[in-house]
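Single-structure report; data block below.
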Amino acid sequence: MSRDSRQILALGKDGQEKVKKLKVGIVGLGGLGSHVAQQLAYLGVRNFILVDPDSVGEENLNRIVGSTPEDVGRLKVEVARRTIIGIAGTDPVSINPLNRDMRNREALTSLSGCDVIFGCIDRDGPRLVLNELAVTMGIPYFDSAFGITVDNGKIVEAGGRVVLVSQEGPCLLCCKEIDCDEAAYDLADPSEKKVTLERGYVSGAEIQQPSIVSLDGIIASIASTEFLALFTGFRHPVQCSYYDMLRGELLPLSNRVIKGCIHHVFEKGSLQSIFRYSI
Ligand SMILES: [Zn+2]
C-alpha cells in the first residue's frame, strides 16, 4: 500500500501521476490559501510557488489551517511551507515561498511558469492582475472568494464562489466578478489611494471582514475538486461554482466570453502587458 493508493483507486494511476508533476502557484496563504495548500499537498502536489507578503496575526488564528499561537508574527508563506513539508514527509518537494506582493516582478515571473494558479485573495486589484496573467499566458486560474454580510448581529448574506479562468473561456471580467472601482483603488499609487479614500469613493478598503474557517474550507474544497476535474479528467470542470451558505446550496453556472472583453485582446504568451502592473 502506498500513501496514494486510495486516491489512485478514485483518480487512476495516470491521474495521480499528472497531479504529482504539476507546478502550482498559490497567491494568498490566509484562510482560503492555507486550506488549498494543505489539500493539494495531501493530493500529491510537490511543486509550489507560494506568494503572500503578510505575517500571521492574532486575528488569523481562527482560520489559517496549520497555524498555532506561536506562529503570530511568522510569514504566512512559511507556515504554509511547513504544512506542505510535514504532509510530504520523505517525498522530495520544491517550494518557493515569496513573501512579496504578487505584483512584484519576481512573483509575476514565477507565477507565469506555473501549470495552474489558485487565487485566494480578498481584493479585486490583484484578482484583476491574476485574471489577465491567466488569459495572456494560458494558465488555468482558479479564483476563490467568499463574503459574509452581517446586519444587526445577524448574518444576512454568506457564501462564496470559485471561477475557473482559462484562455479559451470567459474570464472574471466576462463573468462580472470584478468590481472595477475596487480594482482601480488597489492598483493606484499611494497618493491616488489617499484621495480616493478621502472622497469616500471606495468602501470596505482595508477593513477587516467577517470570516469563518468552515466557509473557507468549503470554498477551498470546491477549488481543489475542480482542479482535480481539470487535470485528471474525471469530468469537465465547472466554470463557476456558487455556494450559498444560508441556503446550503451549491450552484454550478456557466458564462460566455464577452465580445470586446479587454483581457482577451493582449498578445498571448507575453508577460509584457502584465508588467505594467508591477511594483
Ligand atoms: Zn473576459
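The values are calculated or read from the model by the stated rules, or taken from the named source; none is laboratory data. Since this is a predicted model, take the numbers as computed values, not measurements. Here Cβ is always computed from backbone atoms with ideal geometry, including for glycine, and neighbour counts include all displayed protein chains.
VAL156 satisfies every condition listed in (1) surrounded by fewer than 17 Cβ atoms within 10 Å (Cβ to Cβ); (2) more than 16 Å from the ligand (Cβ to nearest atom); (3) modelled with pLDDT under 90 except (3).
Can you say whether SER224 is away from the ligand (no atom under 16 Å from the Cβ), assigned to a loop (DSSP other than H, G, I, E, B), of a type in the set (S, T, N, Q) and touching a residue at least 60 places away in the same chain (Cβ under 8 Å), as far as the supplied structure shows? Spelling it out, it is not the case that SER224 is away from the ligand (no atom under 16 Å from the Cβ), assigned to a loop (DSSP other than H, G, I, E, B), of a type in the set (S, T, N, Q) and touching a residue at least 60 places away in the same chain (Cβ under 8 Å).
A count restricted to segment 217-260 and to residues that are surrounded by 14 or more Cβ atoms within 10 Å (Cβ to Cβ) and out of contact with any helix residue (DSSP H, G or I) (no Cβ under 8 Å at 6 or more places or on another chain) stands at 12.
In segment 132-143, of all residues being buried (at least 23 other Cβ atoms within 10 Å of the Cβ) and closer than 17 Å to ILE49 by Cα, the one that is farthest from the ligand (Cβ to nearest atom) corresponds to PHE142.
Is it the case, given these coordinates, that ARG199 is closer than 18 Å to LEU133 by Cα and of a type in the set (D, E, K, R)? No, not satisfied. Restricting attention to segment 92-121, which residues are surrounded by fewer than 19 Cβ atoms within 10 Å (Cβ to Cβ) and under 16 Å from ALA223 (Cβ atoms)? ASP115, the sole residue that qualifies. A count restricted to segment 268-279 and to residues that are assigned to a loop (DSSP other than H, G, I, E, B) and either exposed (fewer than 15 other Cβ atoms within 10 Å of the Cβ) or within 16 Å of the ligand (Cβ to nearest atom) (or both) stands at 5. Is there a residue being closer than 26 Å to LEU75 by Cα and within 12 Å of the chain's Cα centre (by Cα) anywhere in segment 95-107? The answer is yes, given that some residue of segment 95-107 is closer than 26 Å to LEU75 by Cα and within 12 Å of the chain's Cα centre (by Cα). Taking residues in segment 244-268 that are in contact (Cβ under 8 Å) with a residue 40 or more places away in the chain, and partners anywhere that are near the ligand (Cβ under 9 Å from one of its atoms) and among the β-branched types (Val, Ile, Thr), the pairs with Cβ atoms closer than 8 Å and at least 6 places apart or on different chains are HIS263/VAL135; HIS264/VAL135; HIS264/VAL257; PHE266/VAL135. The set of residues from segment 160-181 being under 21 Å from TYR242 (Cα atoms) and away from the ligand (no atom under 14 Å from the Cβ) comprises GLY160, ARG161, VAL162, ASP179. Residue check: PRO190 meets all listed conditions (1) within 16 Å of the ligand (Cβ to nearest atom); (2) exposed (fewer than 12 other Cβ atoms within 10 Å of the Cβ); (3) within 25 Å of GLU106 (Cα to Cα) but one, namely (1). When restricted to residues that are of a type in the set (Ser, Thr, Tyr) and closer than 16 Å to VAL165 by Cα, segment 229-272 contains 3. Kindly indicate whether any position in segment 247-267 is on the phi > 0 side of the Ramachandran plot, modelled with pLDDT of 90 or more, more than 16 Å from the ligand (Cβ to nearest atom) and in a loop (DSSP other than H, G, I, E, B). Yes, there is a match, as at least one residue in segment 247-267 is on the phi > 0 side of the Ramachandran plot, modelled with pLDDT of 90 or more, more than 16 Å from the ligand (Cβ to nearest atom) and in a loop (DSSP other than H, G, I, E, B).
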